[in-house]
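J.: Sharing a structure with you now.
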Amino acid sequence: NPENCICTEMVAVESPSVLTKSSLNEQIGDSSDTYLLEKSVMATDILENVGDIWDASVDKEAYLRAKYDNFCYKPEEPYFKHVQPLERSKLKQRGCRKKLPQIIMPGARKCGTGALLRFLKIHPNITGAPEEPHFFDQRRANLTTSDYSEKMPYSTDSQLVIEKTPTYFYRPHNTPQLIKDEISSDTKIIIVLCDPVRRAVSDYLEFIWREKRRSEKHVVGKKLDSFEHLVWDHATIRGGINQLNEMIDVGIYAKHLIRWFDVFSRDQILLLDGTLLLTDPLSELKTVERFLGLRSFFQKDHFSMNEERGIFCMDFPSEYCLPGCKGRKHPHVDDKVWASLCDFYAPYDRSLEQMTGKHFSWVGKCASQDQ
Ligand SMILES: Nc1ncnc2c1ncn2[C@@H]1O[C@H](COP(=O)(O)OS(=O)(=O)O)[C@@H](OP(=O)(O)O)[C@H]1O
């Protein structure tokens, strides 16, 4: 379904007619844009509940109560959809307001942020922007942080608000500083990194998909360059990987990450392995729960592998698989170009491991694309 395939989560946000743009924040007399994480990050729920299974994790009725008894949206399957707000009186009664996100997921693009956000939004204590706000990278001059918070969903004090915009990771260069200055110095950052060679191919598939949609709209089709052609440097006689191409540049993770490390303390940044997210989503979700101090919700039997598509889908609280634009079949890349890409990224991957002190599952395993 092409509508579901817009990879930037373009879900229309329906506002009830009684709510004006200035929304409930003003009516409630709340001007605090930032909501510190004190409560959530310091939460010890997870520690208190070690070995204790939350009913909401196993029983659908209990889940619906945990998610919606203190929430600002009506239940709607799949339960990551937080689209239809409650009536105005209920919103007020529950203390629902739009606030700036406490957690930002800046990418990297095509490393699984879409799957991660949708899964996380199932958690009873998480809500998130329905679309990518692109506030810092496509900002019109007169936009303020209150315009930004308008793009966020309503939330109560028991929900954390996440936004993901996968371009922030690499552009604009001062996004980390802007987040610190304009949202809060307490903002939590979740960065998903994945095999940069595979990521570049995924980026290319997205590019092709968008170009095809564009040419369908404008009737005229243009011949699209192959992946191999685009990533190769044709300007020099020796050739090699064209690192000026954005598809390549994004995967030089160490270079971009340094700016995030410069601005935020290490305990504010969670680095996830997108390659693991694809093969073992539960372990990465558990890591996020711990990082945010959330009560442990996700369980092994919430997920199962869809053999046909080769991706994990959710079975609880309802069945859900990401649309076909996520988890696409990748084409075979020319072996010489593949090997060059592996060689190109290897030193940057080593720097990444050195600077983070973390081992990433793809590092050192780039030899064959068909593994
Ligand atoms: N469970 C599940 N379902 C579907 N897809 C999954 C999942 N887990 C991880 N992934 C990987 O997510 C890749 C798309 O990445 P993003 O969502 O970050 O893309 S985007 O930047 O937001 O457009 C997507 O890339 P492609 O395989 O190239 O489509 C997947 O590798």
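J.: Of all residues in segment 334-354, how many are out of contact with any helix residue (DSSP H, G or I) (no Cβ under 8 Å at 6 or more places or on another chain) and within 11 Å of residue 198 (Cα to Cα)?
T.: Here the count works out to 0.
J.: Applying the selection to segment 157-179, what residues are part of a helix (DSSP H, G or I) and either touching a Pro at 6+ places or on another chain (Cβ under 9 Å) or surrounded by 17 or more Cβ atoms within 10 Å (Cβ to Cβ) (or both)?
T.: Those that are part of a helix (DSSP H, G or I) and either touching a Pro at 6+ places or on another chain (Cβ under 9 Å) or surrounded by 17 or more Cβ atoms within 10 Å (Cβ to Cβ) (or both): 175, 176, 178, 179.
J.: Scan segment 185-199 and tell me whether some residue there is out of contact with any helix residue (DSSP H, G or I) (no Cβ under 6 Å at 6 or more places or on another chain), more than 13 Å from the ligand (Cβ to nearest atom), free of Cβ contacts under 8 Å to residues at least 24 places away in the same chain and not small (Gly, Ala, Ser).
T.: no
J.: What about residue 113, is it in the same structural domain as residue 288 (by TED's automatic domain parsing), more than 12 Å from the ligand (Cβ to nearest atom), at pLDDT 95 or above and among the β-branched types (Val, Ile, Thr)?
T.: Spelling it out, it is not the case that residue 113 is in the same structural domain as residue 288 (by TED's automatic domain parsing), more than 12 Å from the ligand (Cβ to nearest atom), at pLDDT 95 or above and among the β-branched types (Val, Ile, Thr).
J.: Given the options 317, 331, name the one that is touching a helix residue (DSSP H, G or I) at 6+ places or on another chain (Cβ under 9 Å) and surrounded by fewer than 19 Cβ atoms within 10 Å (Cβ to Cβ).
T.: Just one listed residue meets the conditions, 331.
J.: A further question on this structure: Taking the options 143, 120, name whichever one is among the hydrophobic types (A, V, I, L, M, F, W, C), closer than 30 Å to residue 249 by Cβ and surrounded by fewer than 22 Cβ atoms within 10 Å (Cβ to Cβ).
T.: 143
J.: For segment 347-365, what are the residues that are outside any loop (DSSP other than H, G, I, E, B), within 25 Å of the chain's Cα centre (by Cα) and farther than 19 Å from residue 277 by Cα?
T.: Within segment 347-365, 348, 350, 351, 354, 355 meet the criteria.
The values are calculated or read from the model by the stated rules, or taken from the named source; none is laboratory data. Since we're looking at a predicted model, the values are computed, not measured. Cβ: placed from backbone, ideal geometry, glycine included. Neighbour counts: every protein chain shown.
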